[in-house]
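See below for the structure under consideration.
What follows draws every value from the coordinates through simple rules; no lab data is involved. Values in this document were obtained by computation on a predicted structure and should not be read as measured data. Neighbour counts are summed over all protein chains in view; Cβ atoms, including those assigned to glycine, are modelled from backbone coordinates with ideal geometry.
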Amino acid sequence: MKKLSFIKKTNGSHWVGDGFPVRNIFSYNDIAEEMSPFLLMDYAGPATFEPTAQRRGVGAHPHRGFETVTIVYDGGVSHRDSAGGGGTIDKGDVQWMTAASGLLHEEYHSPEYAGRGGPFEMIQLWVNLPARDKTVEPGYQAITDAQIPRVPLPGDAGTVRVIAGRYGETSGPAHTFSPMNVWDMRLQGGRSLSLDLQHGHTAALFVLHGAIRIGAHTIQEAEMAVMEREGAQLVFDTTGDSVVLLLSGEPLNEPIVGHGPFVMNTREEIMQAMRDYNDGKFGRMTATR
Ligand code: MN
């Protein structure tokens, strides 16, 4: 059985552009080794926006060396990138963007959501790429709510939406470059759960809503339980109805050298990324609509 290693609380809040009021939950600047292959997670909202015709969000910026995974719990996000990817990510949808060799992208509230306003809640997770895949061509997976299987948990404990990896016999739609699970769990209160994970893998439970208990410890909203790698079973209880994101995966065990939107293995590769960005090698955005 996996033991609780520590409870990670937010590093503080900031705005990403003028659209995303986020709490940074972890980053490669604080717990890189412990969370590998995951690099960073921002929790946007919950927040309420008034209807507007303005574009709220963040304009063109680069990424290289990893993937950005956007999970929309409420609201809607429009995306475009210089590799030709783009689309609208609505409630329940997930965008799995492979920046890899490098691209520019922009992230805004979708015009439909901006026009109606209302609740907004989103997670953006950065997933590291193995060194051998950091310079592959960029990719884009638009994963709709309908494509994400929902599996009932034993004991009427709720459901698992399998975004990536596998729960029991059910596989999620996301293609990943290393073994991992990303599960959106909607849980009933007062239940005990036992999840089968891999010995030796990273595992963490992030609580968006509700609360969970692991042994004598309570993990509250916007907190994350980081587990030990030893053991395969992850055992916890829910104290109320809860929304929990499970992250688990095989640690990459490769050096991490990051600078803002670039995450590579060596300082030289970071310098190269900055030169390539300044030389316009990350592509160009087509004219804004
Ligand atoms: Mn971005």
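Quick notes on this structure:
- Given (1) more than 16 Å from the ligand (Cβ to nearest atom); (2) assigned to a loop (DSSP other than H, G, I, E, B); (3) not β-branched (V, I, T), number of the condition M285 does not satisfy: (1)
- Filtered residues of segment 247-263 (kept if part of a strand (DSSP E or B), surrounded by fewer than 22 Cβ atoms within 10 Å (Cβ to Cβ) and in contact (Cβ under 8 Å) with a residue 24 or more places away in the chain): G258
- Filter result (within 16 Å of the ligand (Cβ to nearest atom) and of a type in the set (A, V, I, L, M)) within segment 93-124: V94, M97, A99, A100, L103, L104, M122, I123
- Residues of segment 264-285 satisfying the condition of being touching a residue at least 12 places away in the same chain (Cβ under 8 Å) and more than 30 Å from Q198 (Cβ to Cβ): I270, A273, M274, D276, Y277, K281, F282, G283, R284, M285
- Answer residue from segment 229-246, given it is among the hydrophobic types (A, V, I, L, M, F, W, C) and either within 16 Å of the ligand (Cβ to nearest atom) or surrounded by fewer than 18 Cβ atoms within 10 Å (Cβ to Cβ) (or both) and is farthest from T68 (Cα to Cα) among those: V235
- Among the residues of segment 35-58, just one is away from the ligand (no atom under 16 Å from the Cβ) and of a type in the set (D, E), namely E50.
- Residue in segment 150-165 that is touching a helix residue (DSSP H, G or I) at 6+ places or on another chain (Cβ under 7 Å), away from the ligand (no atom under 14 Å from the Cβ), outside any strand (DSSP E or B) and not aromatic (F, W, Y) present: no
- Subset of segment 59-84 that is closer than 19 Å to A44 by Cα and of a type in the set (D, E, K, R) - its residue that is nearest to the ligand (Cβ to nearest atom): E67
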